[in-house]
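Note sheet for the following structure.
The values are calculated or read from the model by the stated rules, or taken from the named source; none is laboratory data. Given the structure is predicted, the values throughout are model-derived calculations rather than measurements. Positions of Cβ are backbone-derived with ideal geometry, glycine not excepted, and every protein chain shown enters the neighbour counts.
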Amino acid sequence: MKKFVLKIFVFVLVSVSINDSLKSQTGYSWLQPAPTGNSLVSVDFINKDTGIAAGNKGAIIKTTDGGNSWFSVNSEFLTDFNSVRFVNSFICIAAGKSGKIYKSKDCGASWTLVSSGVNKDIFDLDFKGNSTGYAVGLSGTIVKTVNKGNYWFSQNSGTSLPLYCVKFINENTGVAGGYNVILKTTNGGVNWINLNVNISPLSGITSISFSDSLNIVAAGNTPSGDVYRSADGGLNWMKHSMDIHRVFGGSADLVRSISFLNSDTGFAVTSYGTILKTFNGGVNWQKDSSFRPSFDKTGIFENVFVSDKNNIFITGGGGTVLKSSDCCTNWFVKSGFKNDIRASYFLTAKTGYCAGEKGMIIKTTDFGINWTYQDSETEFNLNAINFSGNNTGYAAGENGIIMKTTDAGNIWSVQKSNTYFTLKGIYFTNALTGFASGGDESKSTGLILKTTNGGEIWNSSYINLSKGIIASVFFTDISNGYACGANGIILKTTDCGLTWNENKEIPFDLHSISFKDSLNGLVCGSDGSVYKTNDGGLNWNYIKSGVYKNLFSVKFDKNGKAVTTGELGTVIISSNNGNSWQKKNTYTYNDLYSSYTDDNSFLTVFGSFGTALRYSETGNSYTPDKLSFEGKEALLFQNFPNPFNPVTTIEYELKSSGNASLKIYDVSGKEFKKLFSGFRNAGHYSVSFSGAGIPSGVYFIELTTSFQSVIKKMILLK
């Protein structure tokens with residue numbers, strides 16, 4: 001048993017090395033959510049302890065403790081993965097966009113691209129037996145392997161319709177579901193037969209369960225949640241409904257995935273975060289009332305996996321992993337599942353604030369490594385945040401809410417804004433004078449509010465009844481200010497908001513405005529639109545941004561560089577006052593609403609699902625010296641210096657007293673040195689390690705307690 005555990009441990013070590021290598025090459029790091037904020041589309045477990053999840057932009061994370069904690073084993077590829085499956089305890093396969101299939105022989109530590117023989121998107125995988133697997137995708141694609149994923153060959157599905165899901169009960173008998181079609185094979189895919197199920201028009205089967213030779217349950221992507229059930233192996237079908245209602249605003253809450261424990265008990269998840277369960281084989285479904293997301297958006301859940309009679313896992317947007325250990329009675333967030341960050345404001349590189357969904361305000365005092373939640377006393381979404389001093393700040397959002405703090409965020413109090421319109425922007429020119437902008441999008445009404453007494457009283461500074469919401473406001477000095485909004489409106493004041501003049505109407509909705517100095521400014525908006533002024537707003541000229549996604553924020557950093565962020569991970573950067581732009585690879589599809597660039601050229605972007613991604617503009621990797629997460633039993637800090645020669649210091653912290661050990665391993669996983677092992681009181685510890693007499697190379701530190709094992713990589717460089 002000890003030898004097997006050691007092998008698994010080596011895989012963990014290698015995975016840490018690969019992830020660090022990737023960061024060194026790309027120069028980016030997820031501050032939150034960790035270990036990833038990308039959508040996790042698929043999850044699978046090989047036993048009660050070991051599981052793996054995969055998703056967008058090459059995201060792969062792994063657990064070795066039954067899903068209680070997860071770490072990144074990024075594949076070093078940026079493929080959008082749609083499915084990941086274990087073949088056995090060591091081999092796992094991930095597949096996704098453009099027919100790409102990757103294989104790991106070491107439980108996810110390293111990955112190799114293998115040829116699928118197709119270039120169509122693959123949506124699902126399934127393996128049965130020791131070697132046999134199937135993959136399905138666009139244009140009726142079906143490929144099969146009989147040697148654990150080393151080689152794949154195509155099968156004739158008999159359809160050109162996309163296939164979204166596949167499930168086998170043994171190596172030969174399986175079903176596949178897709179757009180208006182369910183197929184079945186009983187001879188290993190030599191022949192696929194259309195079961196001619198009466199599927200609702202213009203809909204598809206997004207997930208399918210084949211629990212035994214008779215019982216098949218297929219879920220459709222219709223607004224009501226159609227379910228198709230066969231109790232005789234697919235000869236006859238009955239249509240049922242999950243009775244899913246449209247969410248607020250009329251959007252359809254589509255079923256994304258189903259998973260069954262047996263022929264009777266199954267679970268389903270939807271895009272807007274609904275969990276459903278059935279105890280009679282899919283005939284009747286009931287919503288799980290024990291859990292409901294606090295936010296209302298699509299992409300919350302993507303996949304559900306029933307590991308055993310007690311343990312159920314759900315993955316989704318923003319790196320979300322949920323676990324239930326009591327068959328859906330209680331749910332616990334194990335990763336991700338954070339509110340959108342809509343705005344950010346940094347006083348210094350070290351101290352900053354973010355505001356977002358459901359009244360969220362968070363604060364960092366250590367360069368964004370750790371964040372603490374502030375009590376905002378509101379559930380309204382917050383869209384903007386600004387500070388007039390080190391301790392005094394304001395946040396604004398829905399229903400006219402304006403919050404104020406005078407003690408650096410410890411206490412936030414509600415200001416009387418005298419409006420119920422949504423507020424999108426806020427800006428203070430000094431300790432007393434500030435402006436908030438917003439309006440009513442449904443009525444195309446816009447307004448700007450002004451205070452001259454630090455937010456005690458807010459009065460109307462500008463209002464329009466038909467030109468649209470004012471999304472952003474910015475001042476270059478106490479008198480001169482600018483605002484922009486819907487229908488391309490740009491406003492300017494030269495008298496501290498007493499009057500506002502309409503300078504320009506641009507054929508795009510505008511979302512953000514910022515100035516480098518009194519003359520040079522930028523606005524950004526819908527469809528990648530960017531306009532520039534170099535004469536204080538008298539003239540605005542269209543600049544080709546090179547992107548066509550909606551842009552939400554534009555900011556100048558201290559060095560005059562402009563950063564614009566937008567939907568689906570869009571970031572463009574200009575170093576010449578906005579005359580030309582370069583698109584940045586952000587390694588995410590999450591919408592990005594705000595940004596901050598510190599004095600060391602580290603760019604941090606903020607967005608949906610709590611995204612806080614940091615990049616190095618110099619190409620260097622960003623690795624926090626001391627990264628800790630609230631709730632961990634033990635903290636192992638990065639050794640310093642690192643690389644080192646010959647002596648380095650290792651610090652660790654124990655949250656509670658108990659047995660613990662600190663060991664050094666070489667790159668092969670062999671224990672090299674035991675620094676201590678035994679009882680330790682709770683507290684902070686420091687120990688020196690000397691590399692004298694040992695060769696240069698990569699070594700690993702493992703801190704182990706009764707509840708947790710934490711690993712860090714260190715480099716001896718002579």
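Some values worked out for this structure:
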{"quantity": "Residue in the stretch 590-610 that is among the small types (Gly, Ala, Ser) and touching a Pro at 6+ places or on another chain (Cβ under 9 Å) present", "calculated": "yes"}
{"quantity": "Selection status of residue 421, farther than 26 Å from residue 31 by Cα, hydrophobic (A, V, I, L, M, F, W, C) and surrounded by 21 or more Cβ atoms within 10 Å (Cβ to Cβ)", "calculated": "yes"}
{"quantity": "Test result for residue 479, in a loop (DSSP other than H, G, I, E, B), within 15 Å of residue 383 (Cβ to Cβ) and not hydrophobic (A, V, I, L, M, F, W, C)", "calculated": "no"}
{"quantity": "Test: residue in the stretch 544-552 that is of a type in the set (Gly, Ala, Ser) and touching a residue at least 40 places away in the same chain (Cβ under 8 Å)", "calculated": "no"}
{"quantity": "From the options 449, 432, residue that is out of contact with any Cys (no Cβ under 9 Å at 6 or more places or on another chain) and surrounded by fewer than 17 Cβ atoms within 10 Å (Cβ to Cβ)", "calculated": "432"}
{"quantity": "Test set (1) surrounded by fewer than 19 Cβ atoms within 10 Å (Cβ to Cβ); (2) within 24 Å of residue 427 (Cα to Cα) - residue 361 fails condition number", "calculated": "(1)"}
{"quantity": "Long-range neighbours under 8 Å by Cβ, at least six apart or interchain, first residue within 17 Å of residue 297 (Cα to Cα) within the stretch 575-595, second among the aromatic types (Phe, Trp, Tyr)", "calculated": "590/609; 591/552; 592/552; 592/606; 593/552; 593/606"}
{"quantity": "Boolean, residue 289 is assigned to a loop (DSSP other than H, G, I, E, B) and more than 24 Å from residue 164 (Cα to Cα)", "calculated": "yes"}
{"quantity": "When residues of the stretch 439-465 are limited to those that are small (Gly, Ala, Ser) and assigned to a strand (DSSP E or B), the one farthest from residue 490 (Cα to Cα)", "calculated": "460"}
{"quantity": "Members of the stretch 644-684 that are touching a residue at least 24 places away in the same chain (Cβ under 8 Å), of a type in the set (Ser, Thr, Tyr), over 18 Å from residue 716 (Cβ atoms) and surrounded by fewer than 16 Cβ atoms within 10 Å (Cβ to Cβ)", "calculated": "656, 657, 661"}
{"quantity": "Flag if residue 468 is surrounded by fewer than 21 Cβ atoms within 10 Å (Cβ to Cβ) and either under 34 Å from the mean Cα position of the chain (by Cα) or at positive phi (or both)", "calculated": "yes"}
{"quantity": "Residues located in the stretch 261-280, provided they are of a type outside the set (Ser, Thr, Tyr) and buried (at least 22 other Cβ atoms within 10 Å of the Cβ)", "calculated": "266, 267, 268, 269, 273, 275, 276"}
{"quantity": "Within the stretch 292-331, tally of residues that are of a type in the set (Ser, Thr, Tyr) and either modelled with pLDDT of 95 or more or assigned to a strand (DSSP E or B) (or both)", "calculated": "3"}
{"quantity": "Any pair with Cβ under 7 angstrom, 6 or more apart, that starts in the stretch 392-403 at a residue that is of a type in the set (Ser, Thr, Tyr) and ends at one that is not in a strand (DSSP E or B)", "calculated": "392/406; 392/431; 394/455"}
{"quantity": "Out of 235, 202, sole residue that is in the same structural domain as residue 282 (by TED's automatic domain parsing), under 14 Å from residue 179 (Cα atoms) and in a loop (DSSP other than H, G, I, E, B)", "calculated": "202"}
{"quantity": "Residue 673 being of a type in the set (Lys, Arg) and modelled with pLDDT under 85", "calculated": "no"}
{"quantity": "Test: residue in the stretch 552-570 that is touching a Cys at 6+ places or on another chain (Cβ under 6 Å) and either within 22 Å of residue 348 (Cβ to Cβ) or among the aliphatic types (A, V, I, L, M) (or both)", "calculated": "yes"}
{"quantity": "Hey, residue 96 crowded, with 24+ Cβ neighbours inside 10 Å, in contact (Cβ under 8 Å) with a residue 60 or more places away in the chain and not β-branched (Val, Ile, Thr) or not", "calculated": "no"}
{"quantity": "Single match in 195, 163, 138, 214 (criterion: assigned by TED's automatic domain parsing to the domain that holds residue 99, surrounded by fewer than 19 Cβ atoms within 10 Å (Cβ to Cβ) and not basic (Lys, Arg))", "calculated": "214"}
{"quantity": "Yes/no for residue 67 being surrounded by 18 or more Cβ atoms within 10 Å (Cβ to Cβ), in the same structural domain as residue 168 (by TED's automatic domain parsing), of a type outside the set (A, V, I, L, M, F, W, C) and not in a strand (DSSP E or B)", "calculated": "yes"}
